[in-house]
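Input: a single structure, listed below in structure tokens.
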Amino acid sequence: MSIYQIAVIAGSLRKESLNRKFATALGMLEHPELSFKQLHIGDLPLYNQDDDDNQAESVKRFKHEIMSAQGLLFVTPEYNRSIPGVLKNAIDHGSRPRGQNSWEGKPAGIAGVSTGVIGTALAQQHLRNILACLDVPTLAQPEAFIQFKDGLFDETGNIGENSKSFLQNWMNLYVAWVKKFAACA
């Protein structure tokens, strides 16, 4: 059985971020064929095209981690009905300089959690638009717009019983998505 390396990009820097907790909890679901690594994006400088020929070490590290992965998992909050600036900044670094798109062809899943009723639906849609431009095939169904409620996480940080079946199904479909594209690589 092959083990697929998955780069996890959480779109929040906050220490107690629901989305970082959610990304960790998703990684604890049953998926023996995946190995998750949460990438650090907080140390990336603001993207500036003037720096393309002299990228910061943090940018080089980040791009290498993306290129080393067989799949991507984006877990994003919703800020002002879109993705957070820190996530957009990371995406821009990964796609530049022109002709050196680290994201290209990597199968992706998108999820997110919010206290709002629509979860992170609008942020996820914006992210899908961005990833389409970068040639990132993104799992379309099922969508994972998760509203945070008591019980989403159990006392050990795992997905709680009320959400576990849905999210395990989502994870199973994500695994199949990654495997489909890995077979073509």
- Can you find even one residue in segment 48-56 that is closer than 22 Å to residue 143 by Cβ and surrounded by 15 or more Cβ atoms within 10 Å (Cβ to Cβ)? no
Going through segment 67-92 in order, the residues found to be of a type in the set (S, T, N, Q) and outside any strand (DSSP E or B) are 68, 70, 76, 80, 89
Looking across segment 158-185 at residues that are exposed (fewer than 14 other Cβ atoms within 10 Å of the Cβ) and within 16 Å of residue 104 (Cα to Cα), the single one that is nearest to the chain's Cα centre (by Cα) is 180
Note to self: Can you confirm whether residue 113 is in a loop (DSSP other than H, G, I, E, B) and within 13 Å of the chain's Cα centre (by Cα)?
What the structure shows: no
Going through segment 122-154 in order, the residues found to be small (Gly, Ala, Ser) and modelled with pLDDT of 95 or more are 123, 132
Just one listed residue, out of 50, 43, is acidic (Asp, Glu), part of a helix (DSSP H, G or I), farther than 24 Å from residue 183 by Cα and free of Cβ contacts under 8 Å to residues at least 24 places away in the same chain, and it is 50
Considering segment 90-120, residues that are among the polar types (S, T, N, Q) and exposed (fewer than 15 other Cβ atoms within 10 Å of the Cβ), and then whichever is farthest from residue 17 (Cα to Cα), we arrive at 100
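Quick grid of which residues meet (1) within 26 Å of residue 184 (Cβ to Cβ); (2) β-branched (Val, Ile, Thr); (3) touching a residue at least 60 places away in the same chain (Cβ under 8 Å):
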residue: 70; (1), (2), (3): yes, no, yes
residue: 77; (1), (2), (3): no, no, yes
residue: 82; (1), (2), (3): no, no, no
residue: 90; (1), (2), (3): yes, no, yes
Scanning segment 137-157 for residues that are under 26 Å from residue 126 (Cα atoms) and surrounded by fewer than 11 Cβ atoms within 10 Å (Cβ to Cβ), the one farthest from the chain's Cα centre (by Cα) turns out to be 141
Quick count over segment 11-52, residues being under 15 Å from the mean Cα position of the chain (by Cα) and over 20 Å from residue 163 (Cα atoms), is 12
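The values are calculated or read from the model by the stated rules, or taken from the named source; none is laboratory data. Here the structure is a predicted model, which means the values were calculated and not measured. Cβ sites come from the backbone with ideal geometry, for glycine too, and all protein chains shown count toward neighbours.
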